[in-house]
Amino acid sequence: MRSKVLGLAAAAITAGALTFVPSVPAGAVGGIDGGNISGSGDVPNSVDVAAFGSGDAVAAWARPVPGGTKVYAAIATNGVWGAPKAVTAAAVTDAHDVHAVANDAGDLAVVWNQTTGGEHKVRGSRYLPNGTWDGSTLLSPAVDIETVTGIGAGIDGAGRVHVAYQSEDADIETARATFWKKDAAPQFTDFGANSFKPSIDVNPAGAALLSYFKFTNGGSIFVTRRNASLGWLGPKAVAWPDKTTDESVVGLADDGRGAVLIGGLEDAKARAVVSKVGTSGSLGAVNVLSSGNTAIHRDLAVSPNGTLQASWSTYENSSYVIRQAVAKPDEGFGTSGLADPSTVTYQPHVGLIGDRRNQVVVHDDADALTLRHRTNPILPFSTYAAGTQDSGAFAADMDRDGNAVVVGVRENGLSSFVNADWLDVTGPRADVTAPGPQVTSKAFDVTWSATDSLAGLKSSDVIASSAAWNSGTFSDPEVVGSNLVSGPLHVSGGLGRTYCYEVQSEDLVENIGQRSARRCTSVPLDDTALLGSGWSRAAKSGQFNGTWTTTSTKGRTLTRAGIKAKRLALVANRVPNGGLVEVRWNGTLLKKVSLKGAAATKKVYPIVTWAGLHTGTLTIKVISASGRPVRIDGLVVAK
């Protein structure tokens, strides 16, 4: 996931415990105060955080130490922060503009700006499996660069680090990019003289999207993308009829589609303007999202599935506010709304959005690090206060589940530190683990797993719907087990019915997770529901429903009309000299089934699986020679 950094920063790290902090209700969101993750010391000059997995993150910062500065990092697992470790083993000169990157495979890296021989150099370090950092790799050209500003970084699913920055040499500004594969020399690209302020985003597949400003036509934003096999494609200018500001932000979804947010000038006022970017690098029509006064501190967030959130600070109705607008994948932006109706001034901020349109906007308002959030677009935004900020740097990111993590510098002289907070926005993940596709008893257990990486699990509900063997429709879902702390749930089914189960779980801060995928099972029709003459019907212990239907005569048949099914299976006994039957559907042979083999009761023999629902009559006919036993126990009729 892409992280964002704002302001100046401070840090040192100690192991942190989770502390839950009440949050104004907005779809049951819980704040988790991770506390001081850096230990106290001099004021860090920059800080960043990158979330990965579910409830995991890496934070990095640089701070003055005797002899220079050091870069540090700390890692959170399930929301709990470990002790900080030095990324740069020894003090270096003026390390600053630190960036942390991470992917869901657990590849972590830190990128920063460092002075060497009086010139700025971009450097990077990777986290190793043994829990250490691998030193320092030069990620910018060794010569012909005097200063570096505005670093941005990302990492793809293969652990390849992508870096963008602006360099200056002999008064010539150049936007540049670096591509750094594991165990390979970095590759450098520049985008020509007089190119400024690049923004970069990366997706797991290895695509990268980059924008930058050039004084073309009085000032334009150009967009290019990097294809994993072709490299950087030709840049294209965003089609805005007037000049633009020199700042832009890009975002990239997992499927390769992205967007760029620019400040398009109209009547000398900057508008928040978004153009979507196709997988080939094509630019869509511009969407003007703001009106009225100037929109500044513009930001763009893109979720893994391509949901977009644009946000900006403006002044309206005698108040400074932060506005936001959202576009679902393949749809246009809706009308903008207020993310924060009153701030002390124009607010730099970090916007985040998840696949389920859970939104977070983080800003430093009156020296208080504030998270405005909502879990659903029909709800108002609420506030979680992450503590005093004292104008220090802060950064925020969102994991793939939609939980937000924010780190900020608490400035207090030589007792300064980095504080971390999680905002638990999403509920537990749940999965129905049993029963299987059919059961051979009317009484059976439903089991499930549910996990919540941050707050922890509170309880689960089991939801069921069912359909009879001769029906093509399911009943309405209903809760058959509520507020369950653990399983299994013991249930009893009806003969010939298909049951589909879902689980929905709640965490300890009352976030309700999405329903799990449905898992379906079928209770067989009893053998007594199959019609035929010349068979022996009897009660029999150990058989399904305590009965069986048997014969040893060739040519005997059993039928059942009016079946509606997607899948059929025969339940029968297997014996060493068992007979052979054929199964027909509306007169057409589906399968011949041998009941010969090692002795087994209630054995399930698959017959057919269709893509859609079929209606008809099933016939079972004995085709083996008379004298070989055929013992039928039931018929699975599954939807």
Item to check | Yes/no for residue 87 being over 29 Å from residue 204 (Cβ atoms), open to solvent by less than 40 Å² (accessible area, probe 1.4 Å) and of a type in the set (A, V, I, L, M, F, W, C) | outcome: no
Checklist outcome for this item: Per the filter on region 593-622, residues over 47 Å from the mean Cα position of the chain (by Cα) and within 23 Å of residue 534 (Cα to Cα) are 594, 595, 596, 619, 620, 621, 622
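Conditions (1) outside any loop (DSSP other than H, G, I, E, B); (2) under 29 Å from the mean Cα position of the chain (by Cα); (3) of a type in the set (Phe, Trp, Tyr), marked per residue:
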| position | (1), (2), (3) |
| --- | --- |
| 460 | yes, yes, no |
| 472 | no, no, no |
| 482 | yes, yes, no |
| 490 | yes, no, no |
| 496 | no, no, no |
| 516 | no, yes, no |
| 533 | no, no, no |
| 542 | no, no, no |
Item to check | Test result for residue 372, in a strand (DSSP E or B), open to solvent by 20 Å² or more (accessible area, probe 1.4 Å) and in contact with a Phe, Trp or Tyr (Cβ under 9 Å, 6 or more places away or on another chain) | outcome: yes
Next on the checklist: Only one of 503, 439, 446 is touching a Phe, Trp or Tyr at 6+ places or on another chain (Cβ under 6 Å), farther than 30 Å from residue 373 by Cβ, open to solvent by less than 30 Å² (accessible area, probe 1.4 Å) and of a type outside the set (Asp, Glu). Can you tell me which?
Outcome noted: 446
Next on the checklist: I'd like to check which strands (runs of 3 or more DSSP E) are fully inside region 186-286 and have at least 1 residues that are modelled with pLDDT of 95 or more and of a type in the set (Ser, Thr, Tyr).
Outcome noted: 187-193, 195-202, 208-214, 220-227, 244-252, 269-277
Checklist entry - Looking at this structure, is residue 417 in contact with a Ser or Thr (Cβ under 8 Å, 6 or more places away or on another chain), under 30 Å from residue 560 (Cβ atoms) and either in a strand (DSSP E or B) or open to solvent by less than 10 Å² (accessible area, probe 1.4 Å) (or both)? => result no
Checklist entry - Considering only residues of region 57-82 that are open to solvent by 30 Å² or more (accessible area, probe 1.4 Å) and within 26 Å of the chain's Cα centre (by Cα), which is nearest to residue 421 (Cα to Cα)? => result 80
Checklist outcome for this item: Restricted to region 380-406 and to residues being among the hydrophobic types (A, V, I, L, M, F, W, C) and farther than 18 Å from residue 310 by Cα, the residue nearest to the chain's Cα centre (by Cα) is 405
Item to check | Residues satisfying the stated conditions in region 33-49, i.e. crowded, with 24+ Cβ neighbours inside 10 Å and either assigned to a loop (DSSP other than H, G, I, E, B) or free of Cβ contacts under 8 Å to residues at least 40 places away in the same chain (or both) | outcome: 37, 44
Checklist outcome for this item: By residue number, the members of region 282-328 that are among the small types (Gly, Ala, Ser), open to solvent by less than 30 Å² (accessible area, probe 1.4 Å) and out of contact with any strand residue (DSSP E or B) (no Cβ under 8 Å at 6 or more places or on another chain) are 306
Item to check | Total residues in region 457-482, condition open to solvent by 20 Å² or more (accessible area, probe 1.4 Å) and within 28 Å of residue 405 (Cβ to Cβ) | outcome: 2
Item to check | Checklist (1) without any contact (Cβ under 8 Å) to a residue 40 or more places away in the chain; (2) open to solvent by less than 10 Å² (accessible area, probe 1.4 Å); (3) outside any strand (DSSP E or B) applied to residue 175, failing item | outcome: (3)
Next on the checklist: Out of the strands (runs of 3 or more DSSP E) lying entirely within region 544-639, which hold 2 or more residues that are open to solvent by less than 30 Å² (accessible area, probe 1.4 Å) and of a type outside the set (A, V, I, L, M, F, W, C)?
Outcome noted: 547-551, 600-622, 630-638
Checklist entry - Which members of region 137-150 meet the condition of being within 33 Å of the chain's Cα centre (by Cα), of a type outside the set (A, V, I, L, M) and within 14 Å of residue 178 (Cβ to Cβ)? => result 137, 140, 150
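The values are calculated or read from the model by the stated rules, or taken from the named source; none is laboratory data. Keep in mind that what you see is a predicted model, and the values were worked out from it rather than measured. In this analysis, Cβ positions are derived from the backbone assuming ideal geometry, glycine residues included, and neighbour counts consider all displayed protein chains. In case anyone asks, the SASA skips ligands and DNA or RNA and just uses the protein heavy atoms, side chains included. Shrake-Rupley method; radii C 1.70, N 1.55, O 1.52, S 1.80 Å.
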